[in-house]
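*Asks:* Next up is a structure, given as structure tokens.
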Amino acid sequence: MSVRPYREIQRRMSRRVMVGDVPVGGDAPITVQSMTNTPTADAGATIGQIRALQDAGADIVRVSCPDEDSTAALKRIVAETAVPIVADIHFHYKRAIEAAEAGAACLRINPGNIGSAERVREVVRAARDHGCSMRIGVNAGSLERDLLERYGEPCPEAMVESALNHARILEDNGFEAFKISVKASDVFLAVAAYHGLAESCDYPLHLGITEAGGLRGGTVKSAIGMGSLLWAGIGDTIRVSLSADPVEEVKAGFEILKALGLRHRGVNVISCPSCARQQFDVIDTVAKLEERLAHITTPMTLSVIGCVVNGPGEARETDIGFTGGGNGTHQVYIAGVPHHRLQDEDVIEHLVRMVEEKAAEIEAGSSGRPQAAE
């Protein structure tokens, strides 16, 4: 029996597809995606935003290709960025072919919406010839008319049926390198649809609560919806959809995965909300630490607790711990063990230096090089 069975998440086993050189599905790590909001035809601006997303940790980035100017710019965009690019295509089958030819790693498309069977065959042929996978993207806000007429409104059953209908078109053309999403802005609708789809197929699933809202509300809504699905083992790649800087989507995505222990990137700061017992300004300290430590990608934990009620206990579970003490003198822990004391004025710089040194030590150890001295 596991020591902590309550932390075990049994992931749904799906087949694996490749998005460029990034595996999605199977036992591959859950990937984090985002989408650019620059005009794709402005290759320079789009490349700049993709690089910012890459620096934030994005595994895959999607760009919209609504016109020929966009697909014309895609070749340069793909050449000058390091993450796999997904071309977002709606209705125009020629844009899908052009995107595949330009080097897109994946096409986000609904094959039932791009015209005749021959057009679908042409898109499949282009995807196969250029090593593209696909994502079938069903959205509650754009379900097919016949499904809405039959079901009366967007519902989980209609969304699953739409997804499987589109999947069947690709399967009939001998193409199975695709993943599926069934997104909705309503958390209950999206979660129910994903559960239904997970039971109906073994394709990898791309999770998202679409049009979730602004930074705060959208993050909360996404965490509830996708968090519950991930907890149930459903989901192979995620995108947090926010009316905000796309970099914030990547940050939120990793925070959701970190909270569930599914993936770790950067410093996980465990901090108290502060109260009258605090012996230093917890909120200001944590805000400054998170900003100063944003460049660290090494997985590690840092506890920042305002007083001795919970500080020592939290420190026992973290790589580095900091607990407030009386008279402006605080306790620093390493691997749960009291190590040294620290004065108020040294807190930020001292903790940043400790985290950077610990990260370098971890990286040196993981690469097989001699570890840095304490």
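*Asks:* Might you check whether a residue that is under 17 Å from CYS132 (Cβ atoms) and in contact with a Gly (Cβ under 9 Å, 6 or more places away or on another chain) occurs anywhere in the stretch 33-45?
*Replies:* For the stretch 33-45, residues under 17 Å from CYS132 (Cβ atoms) and in contact with a Gly (Cβ under 9 Å, 6 or more places away or on another chain): present.
*Asks:* Are any residues in the stretch 94-113 within 20 Å of ARG168 (Cβ to Cβ) and buried (at least 21 other Cβ atoms within 10 Å of the Cβ), and if so, which ones? I'd like the intermediate steps shown before the answer.
*Replies:* So the first thing to find is which residues in the stretch 94-113 are within 20 Å of ARG168 (Cβ to Cβ), and the list is 96, 106-113.
If the condition is that a residue be within 20 Å of ARG168 (Cβ to Cβ) and buried (at least 21 other Cβ atoms within 10 Å of the Cβ), then ALA96, CYS106, LEU107, ARG108, ILE109, ASN110, PRO111 are the ones that fit.
*Asks:* Related question: Being in contact (Cβ under 8 Å) with a residue 40 or more places away in the chain, surrounded by 19 or more Cβ atoms within 10 Å (Cβ to Cβ) and part of a loop (DSSP other than H, G, I, E, B) is the requirement here; does SER34 meet it?
*Replies:* Numbers: in contact (Cβ under 8 Å) with a residue 40 or more places away in the chain: yes; surrounded by 19 or more Cβ atoms within 10 Å (Cβ to Cβ): yes; part of a loop (DSSP other than H, G, I, E, B): no.
When the stated conditions are applied, SER34 does not pass them.
*Asks:* For LEU229, work out the one condition from (1) outside any helix (DSSP H, G or I); (2) in contact with a Phe, Trp or Tyr (Cβ under 6 Å, 6 or more places away or on another chain); (3) open to solvent by less than 10 Å² (accessible area, probe 1.4 Å) it doesn't fulfil.
*Replies:* (1)
*Asks:* Could you tell me whether the stretch 260-283 includes any residue that is over 21 Å from SER228 (Cβ atoms) and touching a His at 6+ places or on another chain (Cβ under 7 Å)?
*Replies:* yes
*Asks:* Kindly provide the set of residues from the stretch 178-226 that are over 17 Å from the mean Cα position of the chain (by Cα), open to solvent by 50 Å² or more (accessible area, probe 1.4 Å) and in contact (Cβ under 8 Å) with a residue 24 or more places away in the chain, ordered by number.
*Replies:* Those that are over 17 Å from the mean Cα position of the chain (by Cα), open to solvent by 50 Å² or more (accessible area, probe 1.4 Å) and in contact (Cβ under 8 Å) with a residue 24 or more places away in the chain: SER185, ASP186, HIS195, SER200, ASP202.
*Asks:* Pairs under 9 Å by beta carbon, first residue more than 17 Å from VAL138 (Cα to Cα) in the stretch 166-177, partner surrounded by fewer than 17 Cβ atoms within 10 Å (Cβ to Cβ) and aliphatic (A, V, I, L, M), six or more apart or different chains?
*Replies:* Correct list of pairs: ASP172/ALA117; ASN173/ALA117.
*Asks:* Looking only at the stretch 79-89, count every residue that is within 22 Å of SER181 (Cβ to Cβ) and either without any contact (Cβ under 8 Å) to a residue 60 or more places away in the chain or open to solvent by 10 Å² or more (accessible area, probe 1.4 Å) (or both) and tell me the total.
*Replies:* First, the residues of the stretch 79-89 that are within 22 Å of SER181 (Cβ to Cβ): 83-89.
With the extra rule that they be either without any contact (Cβ under 8 Å) to a residue 60 or more places away in the chain or open to solvent by 10 Å² or more (accessible area, probe 1.4 Å) (or both), the set shrinks to 83-84, 87-89.
Within the stretch 79-89, residues that are within 22 Å of SER181 (Cβ to Cβ) and either without any contact (Cβ under 8 Å) to a residue 60 or more places away in the chain or open to solvent by 10 Å² or more (accessible area, probe 1.4 Å) (or both) number 5.
*Asks:* I've got another one for you. List pairs: first in the stretch 11-29 and open to solvent by 30 Å² or more (accessible area, probe 1.4 Å), second charged (D, E, K, R) and assigned to a loop (DSSP other than H, G, I, E, B), Cβ under 7 Å, 6+ apart or cross-chain?
*Replies:* ARG15/ASP202; PRO23/ARG16; PRO29/ARG263
*Asks:* Need a quick list: strands (runs of 3 or more DSSP E) entirely within the stretch 313-366 having at least 3 residues that are farther than 12 Å from THR301 by Cβ and over 31 Å from the mean Cα position of the chain (by Cα). First the steps, then the outcome.
*Replies:* Values: elements: 320-323, 329-334, 337-343.
The qualifying strands (runs of 3 or more DSSP E) are 329-334, 337-343.
*Asks:* Just give me the residues in the stretch 156-174 being open to solvent by less than 10 Å² (accessible area, probe 1.4 Å) and either of a type outside the set (S, T, N, Q) or out of contact with any helix residue (DSSP H, G or I) (no Cβ under 9 Å at 6 or more places or on another chain) (or both), in sequence order. Steps first, please.
*Replies:* Keep residues of the stretch 156-174 that are open to solvent by less than 10 Å² (accessible area, probe 1.4 Å), which gives 158-159, 162-163, 166-167, 170.
Selection gives ALA158, MET159, ALA163, HIS166, ALA167, LEU170.
*Asks:* Report yes if PRO370 is more than 29 Å from ALA58 (Cα to Cα), modelled with pLDDT under 95 and crowded, with 16+ Cβ neighbours inside 10 Å, otherwise no.
*Replies:* On the way: more than 29 Å from ALA58 (Cα to Cα): yes; modelled with pLDDT under 95: yes; crowded, with 16+ Cβ neighbours inside 10 Å: no.
So PRO370 fails the test.
*Asks:* Can I ask one more? Checking ARG76 against (1) open to solvent by less than 10 Å² (accessible area, probe 1.4 Å); (2) more than 26 Å from ILE234 (Cβ to Cβ), only one condition comes out false. Which one?
*Replies:* Just one mismatch for ARG76, condition (1).
*Asks:* Could you check ASP346 against (1) among the charged types (D, E, K, R); (2) out of contact with any Leu (no Cβ under 6 Å at 6 or more places or on another chain); (3) closer than 25 Å to GLU248 by Cβ and say which number it fails?
*Replies:* Single failed check for ASP346: (3).
*Asks:* Can you pull out the residues in the stretch 43-72 that are among the small types (Gly, Ala, Ser) and buried (at least 23 other Cβ atoms within 10 Å of the Cβ)? Walk me through how you get there before you give the answer.
*Replies:* Restricting attention to the stretch 43-72, the residues satisfying the condition of being among the small types (Gly, Ala, Ser) are 43-45, 48, 52, 56-58, 64, 70, 72.
Once the filter is applied, which keeps residues that are among the small types (Gly, Ala, Ser) and buried (at least 23 other Cβ atoms within 10 Å of the Cβ), the stretch 43-72 yields ALA58, SER70.
*Asks:* In addition: Within the stretch 264-287, does at least one residue satisfy the condition of being closer than 30 Å to ALA52 by Cα, part of a loop (DSSP other than H, G, I, E, B), small (Gly, Ala, Ser) and touching a residue at least 60 places away in the same chain (Cβ under 8 Å)? Step through it out loud before you land on a result.
*Replies:* Initially, the stretch 264-287 is screened for residues closer than 30 Å to ALA52 by Cα, giving 264-271, 282-287.
Subset that is part of a loop (DSSP other than H, G, I, E, B): 264-266.
Of the ones still in play, those that are also small (Gly, Ala, Ser) are 266.
Now restrict to residues that are touching a residue at least 60 places away in the same chain (Cβ under 8 Å): 266.
Yes - at least one qualifying residue is present in the stretch 264-287.
*Asks:* Still on this model: Does the stretch 232-258 hold any residues that are buried (at least 17 other Cβ atoms within 10 Å of the Cβ) and under 22 Å from ARG15 (Cα atoms), and which are they?
*Replies:* Selection gives ILE234, GLY235, ASP236, THR237, ILE238, ARG239, LEU257.
The values are calculated or read from the model by the stated rules, or taken from the named source; none is laboratory data. Everything quoted here is computed from the prediction, not taken from an experiment. Ideal geometry is used to build each Cβ from the backbone, glycine not excepted, and the neighbour counts take in all protein chains shown. Areas reflect the complete protein model, heavy atoms only, side chains present, ligands, DNA and RNA absent. Shrake-Rupley method; radii C 1.70, N 1.55, O 1.52, S 1.80 Å.
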